[in-house]
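Read through the structure below, which is laid out as structure tokens, and then see the notes.
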Amino acid sequence: MPEHPVAYNIAQAAKVLGIGERTLRYLIRAGQIRVARVGRRVLVPHSAIVEFLERGGVEQVLYGHVAVRKARVEALA
């Protein structure tokens, strides 16, 4: 049995990563962290956190709608 939850809500995932909830939401919108949606709830699987950390995270968090769109475009390229 794992010693960690299968998935975290936004507040829990942010605490695990040591970042703010707002920063986590930007990372999710930018496609940097995978999530599962259950109704209106957003859950971050433990495996998504591990994948994000194994990739080395991101060098810079982009804020604002234009920056998030730019991050999405760059991710698709």
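Results, tabulated for the structure shown:
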quantity	calculated
Unmet requirement for residue 70, which otherwise passes all of (1) at pLDDT below 90; (2) surrounded by 13 or more Cβ atoms within 10 Å (Cβ to Cβ); (3) part of a loop (DSSP other than H, G, I, E, B)	(3)
Residue in segment 35-56 that is at pLDDT below 90, among the small types (Gly, Ala, Ser) and over 10 Å from the mean Cα position of the chain (by Cα) present	yes
Long-range neighbours under 8 Å by Cβ, at least six apart or interchain, first residue touching a residue at least 24 places away in the same chain (Cβ under 8 Å) within segment 20-31, second aromatic (Phe, Trp, Tyr) and surrounded by 16 or more Cβ atoms within 10 Å (Cβ to Cβ)	27/52
Members of segment 7-34 that are under 8 Å from the mean Cα position of the chain (by Cα), among the aliphatic types (A, V, I, L, M) and either modelled with pLDDT under 90 or outside any helix (DSSP H, G or I) (or both)	33
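Matching residues to (1) touching a Gly at 6+ places or on another chain (Cβ under 7 Å); (2) aliphatic (A, V, I, L, M); (3) surrounded by 18 or more Cβ atoms within 10 Å (Cβ to Cβ):
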residue	(1), (2), (3)
6	no, yes, no
14	yes, yes, yes
42	no, yes, no
47	no, no, no
50	no, yes, no
53	no, yes, no
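The values are calculated or read from the model by the stated rules, or taken from the named source; none is laboratory data. If you're wondering where the values come from, they're calculated on a predicted model, not measured in any experiment. Note that each Cβ is placed from the backbone with ideal geometry, even for glycine, and that neighbours are counted across all protein chains shown.
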